[in-house]
Each structure stands twice: as C-alpha cells, then as structure tokens.
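The values are calculated or read from the model by the stated rules, or taken from the named source; none is laboratory data. Computed from a prediction, not measured in an experiment: that's the story for all the values here. FYI the Cβ positions are ideal-geometry reconstructions off the backbone, even for glycines, and counts take in every protein chain you see. To get the accessible areas, we keep the full protein, side chains included, count just its heavy atoms, and leave off ligands, DNA and RNA. Shrake-Rupley method; radii C 1.70, N 1.55, O 1.52, S 1.80 Å.
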Amino acid sequence: MKRTSVVCFAFFSVAALSVASCSSASTDTPETTAPATSSPAGTSTSAPPSTTATPAELTPIVGSITAPPNPVPGTDGKVHLAYELDLTNFVSQPVTVQSITVSDGDTVLQNLTSDVLPEWTKVFGTTEPGTTFGPGQSGLVWIDAVVDSMDQVPDTLENRISVTLANPSPPILPASLTYSIAPVTVDKVEPVRISPPLRGERWVDGNGCCSVTAHRGAVSPLNGKLWAPERFAIDWVQLDAENRLFTGDKTSTASYPYFGDDVMAVADGRVVAVVDGLPEQTPGANPSGLSVDQYGGNHVVQDIGNGHYAFYAHLQTGSTSRVKVGDELKTGDVLGLLGNSGNTDSPHLHFHVMDGIDPLVSNGLPFEFESFDTTGKFASSDAVDRLLDVSAPAQLEPGVTTEARTNEMPMFMDVVSFPS
Ligand SMILES: [Zn+2]
C-alpha cells in the first residue's frame, strides 16, 4: 500500500502561452446590438435589446472533465459523484483559483473554498500545494460531490469557478470573476455490484474513494489523453486480532499474517489478462527500477460483463498460474493469493473496476459490495500510514459499532468484515 501515486502525475510543464486579444479592448468585438430603430415622437429612446442571450466573456481558465461521473452510495450515507476537472490557464499572467462550487440548481453539492482547495488541486509542474496557474499552466481539481440518496442524483451539475488575476486589465480582464466551467452530465448508471475479493474480518480500506488519495491522484497522460483508472481503487490490508498490521520484522512478508490469503473472483467472467513470475518485493520500502507495466505486479484482469473489468494486483509470485486467459471464473473462485509484487511497500490487494482491459488506459468505475459489515474507522489518514511504520494497534475512532451493509462502497479508512 503506497500513499505515493502509482503513476506519478507531475509529468509535464506547459510553455507559456499568450492571448493576443487580451491586451486591449479591441475592435473585433462581435456586433451585439440591433440596428437603431425610429422612436415615436415624444418618447425617450433606449438601447435596443441585445440579439445574443449571453454576452461573450473572457474566461482566463478553461476546463473539461476527464469522464462523466457515475453515482455510488458509500458507507458514509452519501451518494458520491467523483470526477476530475482538467483546467488550463489561457492568459499570459498568473491566475489563482479561489473557489469551485458544484451545484444542482440552487443546491450546493460541494464547495471548495480557498482554505481547502489546495488539498484537491494539482497544478502541473509544481511541487507545493497551491491553486495559482501560471501562464499556459494546466492542472487538475478532484471533485467529490455528494447527495443524500440515489433519488437525488441530478442529471447535470454546474461547476462555478472564482478566479483572481495577478495583473488585471479591466474591463476585459477584471481583478476577479466567477463563471461556469465544464458542464457535467451525470452518467446515471447503477454501480457495478460485486462480491468481495477477500474473506474474513478487519480488512482496511486503504486509499479508497473519495478524497485525494494516491489512487485518485493517479491520473496519467497515456495514448494522448488523461485516464483515471484508480478513481475508486482500494488497497486492502488486514489487521490482526489486536488491530496490528504486522508483528516482528516488517521487512519479512511472513510478518504479515494475511500474506497468502485467497483472492477471489468478484463476479462471474472470463480471465482476459494474467501476469505471473514477478518477484515478491521486500516490505517496508518502495521498490525502484520497475517499468510501468510491472507496477501491478502479478495480476489478473477479469471481464465481468457490460464493459466492466476487475483488476486484482500485487498477487503472490506463482499464485496466478492457477488461471489462464480464457478461463471462465465463477464468483468466489480463487484466482491468486494476496502478495507483495510490483509497486508495493507492504503486502496488500490492490483492487479496482475499470471500463477497459488495460489497468492504466481506462477509467475507474464505482462498485458496491452486495454484503459486508463496517466494524471500525481509522481516526485519520496519518493513523493509516502509521500502520506501515510500527507494529502497534491501529488508532481507530472510538465508539464505532458494527453495521451491516448492503450494496454500498466502502470508503477510505473503513475497517470491514467480509463473509467467511
Ligand atoms: Zn493500490
């Protein structure tokens, strides 16, 4: 389980652009007024009505979404709409995003104000959190809009962005402006409903949806566009009876009792890719020297129907030889063993569902488990990180009682039990 991106997204810097038409209130403004008409004698004249419904407005930052959101109910009682805004500053001066508000009509579903926006933003080519886009610079803002029930999921969402300019030039470039950007049509399909890939108690949801974890952050430029395959991915690790991750030498896979647990097919479907033979990594440190196609380690991709593919990664060396491409698996069939191969610093199962066969060139889809229990919740993301460092009981929120869950997606930092 890694809190760094599986594929780093600090990949490029954009050369400065200039927008010539920004330098003056120029003469090429489109004609927007109707020809003058005569007025009856004795009546005052007023400006004729505009022939355009919405005057054109220079919007320094433009954007699009990486993929339409699919709603999914989470264990927090909310239905989540997760997507990413891909923003670019098109003017030749720095522009700072002050806030982004996601709305359904008058109802605000997420309000990213300046105090929290840096946590949800990555400006490409920068290393520090921030929301200032240099000339020509691009970046991403991760969105997690929520409603209370599936019935309330809207057809469309509006993103309103408020920006300030370093060098305003009114009236065409005022010091601040707010406008709509990248309209969203919600893809209101049902979440992919599956069975758990693991059995037993005290499984921890590491890096699950919907804050900006290593998984949501893993948006990569591949084959000419951005992809977010790990948007809903979960790294599963298991606590022992004393809520510890390991005992003894943390660099030995034998110190992790769940190493070697069965990993099971989450649905019926054909195996479409298998990798085996990659070595087990030494826990406690990030491996180096891997090629991108080795990041998933030993893994299986299963076609579970309707254009959905399940990805089971970091499996134990030799364990995936039990399946081969073309095998038709039934729900619950063991397809490999939980391991520590590929880009991993401790034994875990990386699991996600995607809309294509390629674990990188695809977009992640939300999924829900038919039946499981939530039995605990981590007190903080730091408490999850601490699990990997020291052999000590996990710092869990007090007072969390066991709750049966039906057709929900576990959320980041949940502790859950799956049917044995
Ligand atoms: Zn992962």
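Of all residues in the stretch 369-386, those being within 21 Å of Leu338 (Cα to Cα) and open to solvent by less than 10 Å² (accessible area, probe 1.4 Å) number 3.
Given Pro257, Pro229, which one is open to solvent by less than 30 Å² (accessible area, probe 1.4 Å), in a loop (DSSP other than H, G, I, E, B) and closer than 30 Å to Thr374 by Cβ? It would help to see each step written out before you state the result.
Numbers: Pro257 fails: open to solvent by less than 30 Å² (accessible area, probe 1.4 Å).
Result of the check over Pro257, Pro229: Pro229.
Scanning the stretch 121-159 for residues that are loosely packed, with under 15 Cβ neighbours inside 10 Å, polar (S, T, N, Q) and assigned to a loop (DSSP other than H, G, I, E, B) yields Thr127, Ser149.
Could you please let me know if Thr344 is surrounded by 15 or more Cβ atoms within 10 Å (Cβ to Cβ) and under 26 Å from the mean Cα position of the chain (by Cα)? Yes. Could you look through the stretch 302-356, keep only residues that are of a type in the set (A, V, I, L, M) and within 16 Å of Val237 (Cα to Cα), and pick out the one that is farthest from the ligand (Cβ to nearest atom)? Per the stated criteria, the residue is Leu337.
From the list Glu84, Glu31, Glu57, pick out the single residue that is at pLDDT 95 or above and either within 16 Å of the ligand (Cβ to nearest atom) or of a type in the set (D, E, K, R) (or both). Steps first, please.
Numbers: Glu31 fails: at pLDDT 95 or above; Glu57 fails: at pLDDT 95 or above.
Going through Glu84, Glu31, Glu57 in turn, the sole match is Glu84.
Filtering Thr406, Thr401 for residues that are out of contact with any helix residue (DSSP H, G or I) (no Cβ under 8 Å at 6 or more places or on another chain) and assigned to a loop (DSSP other than H, G, I, E, B) leaves a single hit, Thr401.
Give me a count of the residues in the stretch 242-254 that are touching a strand residue (DSSP E or B) at 6+ places or on another chain (Cβ under 8 Å) and in a loop (DSSP other than H, G, I, E, B). Outline the logic, then answer.
Initial filter on the stretch 242-254 (touching a strand residue (DSSP E or B) at 6+ places or on another chain (Cβ under 8 Å)): 243, 245, 253.
Now drop any that are not in a loop (DSSP other than H, G, I, E, B), which leaves 243, 245.
Of the residues in the stretch 242-254, 2 are touching a strand residue (DSSP E or B) at 6+ places or on another chain (Cβ under 8 Å) and in a loop (DSSP other than H, G, I, E, B).
Considering (1) open to solvent by less than 10 Å² (accessible area, probe 1.4 Å); (2) under 25 Å from Val219 (Cα atoms), say which one Ser162 fails and leave the rest. The number of the failed condition is (1).
Looking across the stretch 182-215, just one residue is more than 16 Å from the ligand (Cβ to nearest atom), more than 19 Å from the chain's Cα centre (by Cα) and either within 28 Å of Val141 (Cβ to Cβ) or of a type in the set (A, V, I, L, M, F, W, C) (or both), and that is Ile194.
The requirement of being within 16 Å of the ligand (Cβ to nearest atom), closer than 17 Å to Phe418 by Cβ and open to solvent by less than 10 Å² (accessible area, probe 1.4 Å) is satisfied by Val237.
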